[in-house]
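The values are calculated or read from the model by the stated rules, or taken from the named source; none is laboratory data. Only a predicted model underlies this, so the values are computations on that prediction, with no experimental measurement involved. Glycine gets a Cβ as well: all are built from the backbone with ideal geometry, and neighbour counts include every protein chain shown. For the accessible areas, the whole protein counts, side chains as well, though only heavy atoms, and no ligand, DNA or RNA atoms are used. Shrake-Rupley method; radii C 1.70, N 1.55, O 1.52, S 1.80 Å.
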Amino acid sequence: MIFDSREKDKALSIINSLRIRLNTALLPDDEGRLRRILFTAIREGQIDRDTFGLNPILMSMQTAYIAVNEIGLRRDSVIATLLTPLVLNDTYTLDEAERDFGAGPKNILQGLLHVQELYKKTPVIETENFRNLLLSFAEDMRVILLMIADRVNVMREIRNVTDIESQRRVAEEASYLYAPLAHKLGLYKLKSELEDLSLKYLEHDAYYHIKEKLSATKRARDKYINDFIGPIREKLQAAGLRFHMKGRTKSIHSIWQKMKKQRCPFEGVYDLFAIRIILDSEGEQEKKDCWQVYSIITDMYQPNPKRLRDWLSVPKSNGYESLHITVLGPEQKWVEVQIRTERMDEIAEHGLAAHWRYKGVKAGGGGMEEWLAIVRRALEAGDDMQVMDQFRMDLYEDEVFVFTPKGEIKKFPMGATVLDFAYLIHSRIGNQCVGARINGRNVQIREELHSGDTVEILTSAQQKPKRDWLQIVKTSHAKSKIRQAIKEAQAADGLYAREVLYRRFKNRKIEVDEPLLQQLIKKMGYKEVSDFYIAIANEQLDVLTVIDRYLELKNPQASAGDDGEGAPRKSASEYVMKERRDDDVLVIDRNLKGVDYTLAKCCNPIYGDDVFGFVTVSGGIRIHRQDCPNAPEMRSRYGYRIVKARWSEKGSGRYDITMQVIGNDDIDIVNNITSVISKEENTALRSINIDSDDGLFKGVITVALDDTSRLEALIRKLQNIKGVKSVKRM
């Protein structure tokens, strides 16, 4: 890259200006070191022109000039700005910056690099969350100020570029992101320039139409403001009031927004300018003086009552106090007048109201307002920004911002988990969530989110919401969706249980007496009918027991006699079991007909396991392993529903089983495990889920195989893999 003569002249002029403005702020060797570093980079061709064909070294000098002259930044910021092109293309390191110039410039450069990484991570910046995340990533406030200065410089320099698409992208970012940030920081001049230049590049015709109209009417407009202010000044002075007045013309961008909102031509925007009267009053005299000014002006000019804004009597919730009126001035033109005291103006500019918020820019929270107000006061007080050197953002300490795989940003309270993220995306995604990948790492649903994480939700159609999920999630949105899903599931289960109960009544040829059934439900201790059916669905209440109790209630004598047909009455359990003898055994075979049985999912029995049968509420039989975790409770509470069972002499088909594998985390561990499984005869891998933490991995593996002998052989082979500590069946 070679400087042309025009660029050389401009660079020398900027260097001289910076030398004068910074004066003693620079250390003795700063200028010499910077000169050597930059000249070496230029001489060795380490810097290329950017996408617009602009000179990065000159651009950095111009940005530094804006940062010093328009914002008030000093040594560290200037050095960091001038070194940025070299750091971004990896020809100069952060360690070298710290060695040559100290920790201040290095910290700013590090913040600029973090922001560049954020830009690369997400293509979607048109969100309030991106603005907030940008602030949290920047850490040092000077990073944001330099970014604003840089964007102003870029917007000035791209007026004649041929790459229109890139020009539009830069202008859109300036309008959406940088102008509001400048406004928040009280950098109103830069904010207006960013907005006007954005309009110039994005809506060229509208910009020049308004600019030409303003130019054509400037002399008349200035004369009008003076004519309007003159009589008011005389009246206020005659009343003995101490004050000063400001008259300003709205920016081109502001006028364009008015034209669009009101759907009118330029001539229809009646408030092209506004007058601000700021009184030197204190204490109880403040409101009195403001209303006195109001009275004087409205005596002189006709007010528009619909445009009266009284924030003196009832200040805004953010503390803003002022009196706004719109009056009909000379030539039948409407003029907005704002009346306030010095104290009110100070609050509006620097305090609770944070003028940018009064103008309609959304606030990001109390922490942001307080923090930006500190910076703003430092800027407007002419502080050399050394107060910011030790300043680190604890902004949004109660919030985290994370990315979707597509780069969209989502905001959560601190402590929110993967499950909160899943429910924010969609309730169905939340209901089926089994975990996630955070930055490419598999995690569980209870994993907490951290700012900057990229989160991809993993789901399973078999997953269902559980009540203990309410203890995992942090957001009220997720809690309400979980409760709703559980309620809907219980309602569905209750309806199914009711159908089962009535079907059993019908099978027994028993006519259901609804009042009698309601009486039974209350007698059994259930206040709500829905709770009764949910208890049946959850197998807390046995259908057969309900029928027995119903018959006892219907005919108290039946328990001692017969069922009405002269034969001894069997209990419901005896009816279903068909008086099975103690030595009767259910032989399990895939070809078994006439018996409805399923394999229990709680213990996943396979051929070769010692098993037993359990009669379910629907009448079918569920096969469990003898060592099933639920076996003790089933035997103690529902012993009469237990059926002896065994496998047929020959197994048929494959059975899914799940194993847990724990061992040392190693890059080849998954390949070794899958290799062993794939080599096993008549064994198929169904799924594998590996999670690692602190050098250990925990894997959950599901395979399909024939019987227990093949399972035992597979477990032994997995245990022999290097790094595997334990393998157990789940």
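Provide the FRET efficiency to the nearest 0.05 for the Glu165-Phe39 pair, computing r from the beta carbons and using R0 = 41 Å.
It comes out at approximately 0.75.
Normalising the average separation of contacting C-alpha pairs (under 8 angstrom, six or more residues apart) by the number of residues puts the relative contact order of the stretch 652-730 at 46 percent. So which trypsin sites (Lys or Arg not before Pro) in the stretch 274-324 pass both tests, a DSSP loop state and at most 16 other Cβ atoms within 10 Å of the Cβ? Filter output for the stretch 274-324: Lys316.
Using only the Cα atoms of the stretch 148-214, build the gyration tensor, take square roots of its eigenvalues as a ≥ b ≥ c, and label the shape rounded, prolate or oblate: rounded if a/c is under 1.5, else prolate if a/b is larger than b/c, else oblate. Here the stretch 148-214 falls in the oblate category.
Considering only protein heavy atoms and a probe of 1.4 Å, how much of the accessible area of the stretch 403-530 is carbon and sulfur, as a whole percent? Carbon-and-sulfur percentage of accessible area, whole number: 48.
Mean separation of Cα pairs under 8 Å and 6 or more residues apart, divided by the residue count, gives the stretch 260-348 a relative contact order of 37 percent.
Computed over protein heavy atoms with a 1.4 Å probe, the carbon and sulfur contribution to the accessible area of the stretch 159-288 reaches 48%.
For Gln262 and Ser480, a Förster radius of 30 Å and the Cβ-Cβ distance give a FRET efficiency of 0.15, rounded to the nearest 0.05.
Between rounded, prolate and oblate, where does the stretch 25-77 land on the alpha carbon gyration tensor, with a ≥ b ≥ c its root eigenvalues, rounded for a/c under 1.5, else prolate if a/b exceeds b/c?
On the way: a/c = 4.13, a/b = 1.23, b/c = 3.35.
Taking the square roots of the gyration eigenvalues as a ≥ b ≥ c, the stretch 25-77 is oblate.
Annotation: per residue accessible area for the stretch 82-122 equals 45 Å², rounded to a whole number [probe 1.4 Å, protein chains only]. Counting 0.36 nm for each residue step from Ala713 to Lys406 and taking away their Cα separation leaves a gain of 106.1 nm.
Counting only other residues whose beta carbon sits under 9 Å from that of Met245, what net charge do I get with K and R as +1, D and E as -1? Summing Lys and Arg as +1 and Asp and Glu as -1 gives +3. Counting only protein heavy atoms and using a 1.4 Å probe, what share of the accessible area of the stretch 626-730 belongs to carbon plus sulfur, as a whole percent? Using a 1.4 Å probe with all protein chains present, the stretch 626-730 comes out at 46 percent carbon and sulfur. How about the stretch 34-115: which GluC sites (Glu not before Pro) there lie in a loop by DSSP and see at most 15 other Cβ atoms within 10 Å? Answer by residue number: Glu44.
Cα centroids of the stretch 667-689 and the stretch 245-266: 69 Å apart. For the stretch 649-729, GluC sites (Glu not before Pro) meeting the loop criterion (DSSP other than H, G, I, E, B) and having at most 13 other Cβ atoms within 10 Å: Glu649, Glu681.
Other residues lying with their Cβ under 14 Å from the Cβ of Lys211 contribute a combined charge of 0, Lys and Arg counting +1, Asp and Glu -1. Taking the centroid of alpha carbons for each part, the stretch 1-57 and the stretch 142-209 are 24 Å apart.
Which net charge results when you count Lys and Arg as +1 and Asp and Glu as -1 among the other residues whose beta-carbon is under 10 Å from that of Glu448?
-1
Accessible surface area normalised per residue over the stretch 1-77 is 54 Å², counting heavy atoms of protein chains with a 1.4 Å rolling probe. Take every Cα pair under 8 Å whose residues are at least 6 apart in sequence, average their separation, divide by the length of the stretch 134-269, and the relative contact order is 20 percent. Under the shape rule built on the C-alpha gyration tensor, where the axes satisfy a ≥ b ≥ c, the stretch 444-518 is prolate, since a/c reaches at least 1.5 and a/b is greater than b/c. Label 7 Å along Cα→Cβ of Val670; the stretch 431-448 residues with amide nitrogen under 16 Å? Answer for this model: 435-444.
Please give the per residue accessible area of the stretch 445-536, computed with a probe of 1.4 Å over protein heavy atoms only, in Å².
63 Å²
In this simple spin-label approximation, Arg686 and Lys509 carry label points 7 Å from Cα along the Cα→Cβ vector, and these lie 4.3 nm apart.
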